[in-house]
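The values are calculated or read from the model by the stated rules, or taken from the named source; none is laboratory data. The structure presented is a predicted model; accordingly, all values stated were derived computationally and were not measured. Here the Cβ positions follow ideal geometry from the backbone for every residue, glycine too, while neighbour counts run over all protein chains shown. Accessible surface areas use protein heavy atoms only, side chains included; no ligands, DNA or RNA. Shrake-Rupley method; radii C 1.70, N 1.55, O 1.52, S 1.80 Å.
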Amino acid sequence: MPKSKRDRKVSLTRTPRKGLEAKQALIAELRRCVDTYKYIFVFSVANMRNNKLKDVRNAWKHSRIFFGKNKVMMVALGREPSSEYKENLHKVSKHLRGEVGLLFTNRTKDEVDEWFSKFKEVDFARAGNKAMYAVSLDTGPLEQFPHSMEPQLRQLGLPTALKKGVVTLLSDYEVCKEGDVLTPEQARVLKLFGYEMAEFKVTIKFLWNSETGDFQKLVRDTEEEEEDDGDDSSED
């Protein structure tokens, strides 16, 4: 009787190999980009959103962007002077922590600064973000919501009830104060009522020049500290 294909044994040793091969391919691609492009910019992202980063990638198709593989990027560039792929790339690796990425491009520093300084998009805040301003809701009907939403609103803490089939807020309700670290419930309420408090922003922080090997810091220490504080509150 022929053996069923479902009974075929698969060696588990193949799985790690695929992961290793993917990392090796990424390292090779990163080094190819080092050899191809004139500049590497290290950038950080505040209030990371995949769809917003996709917009950035689409606008910079003439360049290459790598994001979210910090350890692999460090291996590709080199962590120490003795292992760096090219002069001073270990200084780039030193700053690959947190929500950061690499932009490989032939565009000048001024061109990069000008474009990214203007690219800011607002989105709904998530739990852990800080409220940009205070939000209060007034007593009365909430006609934007179907009656089936009333239990969910009540579960989120709103003093609601159905009156003649209409969702109604029974008393004034303070959703948040300015500077509050938002809870999941607060973030959900703000989204339901259309308040956008998170700003997706890319900050260009460091520059490496392939022709000279020079590494340059582009942000002040105070800006970096403020951004680190913001990152602490932007986790999902």
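Please go through segment 39-59 and pick out each residue that is outside any loop (DSSP other than H, G, I, E, B) and not hydrophobic (A, V, I, L, M, F, W, C).
Matches in segment 39-59: TYR39, SER44, ASN50, ASN51, LYS52, LYS54, ASP55, ARG57, ASN58.
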- Message: PHE200 - would you say it is under 26 Å from LEU103 (Cα atoms), surrounded by 15 or more Cβ atoms within 10 Å (Cβ to Cβ) and modelled with pLDDT of 95 or more?
- Response: no
- Consider VAL92 carefully, then state whether it is open to solvent by 20 Å² or more (accessible area, probe 1.4 Å) and aliphatic (A, V, I, L, M). no
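Here is a yes/no grid of residues against (1) at pLDDT 95 or above; (2) part of a strand (DSSP E or B); (3) under 30 Å from HIS62 (Cα atoms):
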residue	(1), (2), (3)
SER117	no, no, yes
GLU121	no, yes, yes
ALA127	no, no, no
SER136	yes, yes, no
GLU143	no, no, no
LEU153	yes, no, no
VAL167	yes, yes, no
GLU174	yes, yes, no
- Item | Subset of segment 176-186 (residues that are open to solvent by 60 Å² or more (accessible area, probe 1.4 Å) and not in a loop (DSSP other than H, G, I, E, B)) | VAL181, PRO184, GLU185
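Report, by residue number, each residue of segment 171-205 that is among the polar types (S, T, N, Q) and under 16 Å from the mean Cα position of the chain (by Cα).
Matches in segment 171-205: THR203 only.
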- Find all pairs meeting these conditions: Cβ atoms under 8 angstrom apart; at least six residues apart or on different chains; first residue within segment 82-96 and among the hydroxyl-bearing types (Ser, Thr, Tyr); second residue open to solvent by 70 Å² or more (accessible area, probe 1.4 Å). TYR85/ARG31; SER93/ARG79
- Quickly run through segment 27-77 and pick out the residues that are surrounded by fewer than 20 Cβ atoms within 10 Å (Cβ to Cβ), under 30 Å from PHE124 (Cβ atoms) and polar (S, T, N, Q). ASN50, ASN51, ASN58, SER63, ASN70
- Message: Looking at segment 41-48, can you tell me whether even one residue there is out of contact with any Ser or Thr (no Cβ under 9 Å at 6 or more places or on another chain), more than 19 Å from LYS109 (Cβ to Cβ) and not acidic (Asp, Glu)?
- Response: no
- Message: Among the residues of segment 101-113, are any closer than 30 Å to ASP35 by Cα, of a type in the set (Phe, Trp, Tyr) and either in a strand (DSSP E or B) or in contact with a strand residue (DSSP E or B) (Cβ under 9 Å, 6 or more places away or on another chain) (or both)?
- Response: yes
- Task: Quick one: count up the residues across segment 156-165 that are touching a His at 6+ places or on another chain (Cβ under 7 Å) and either modelled with pLDDT of 95 or more or assigned to a strand (DSSP E or B) (or both).
- Result: 1
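Which of the residues that make up segment 87-100 are of a type in the set (Gly, Ala, Ser) and either at pLDDT 95 or above or closer than 15 Å to VAL34 by Cβ (or both)?
Within segment 87-100, just SER93 meets the criteria.
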- Task: Can you work out which of the residues in segment 109-122 that are in contact (Cβ under 8 Å) with a residue 12 or more places away in the chain and open to solvent by less than 90 Å² (accessible area, probe 1.4 Å) is farthest from LEU26 (Cα to Cα)?
- Result: VAL122
- Query: Looking at this structure, is GLY101 in contact with a Phe, Trp or Tyr (Cβ under 6 Å, 6 or more places away or on another chain) and not hydroxyl-bearing (Ser, Thr, Tyr)?
  - Reply: yes
- Query: Before we move on, is LEU190 out of contact with any helix residue (DSSP H, G or I) (no Cβ under 6 Å at 6 or more places or on another chain), surrounded by 15 or more Cβ atoms within 10 Å (Cβ to Cβ) and part of a loop (DSSP other than H, G, I, E, B)?
  - Reply: no
- Query: Taking the condition out of contact with any Lys or Arg (no Cβ under 7 Å at 6 or more places or on another chain) and at pLDDT below 95, does LYS52 pass?
  - Reply: yes
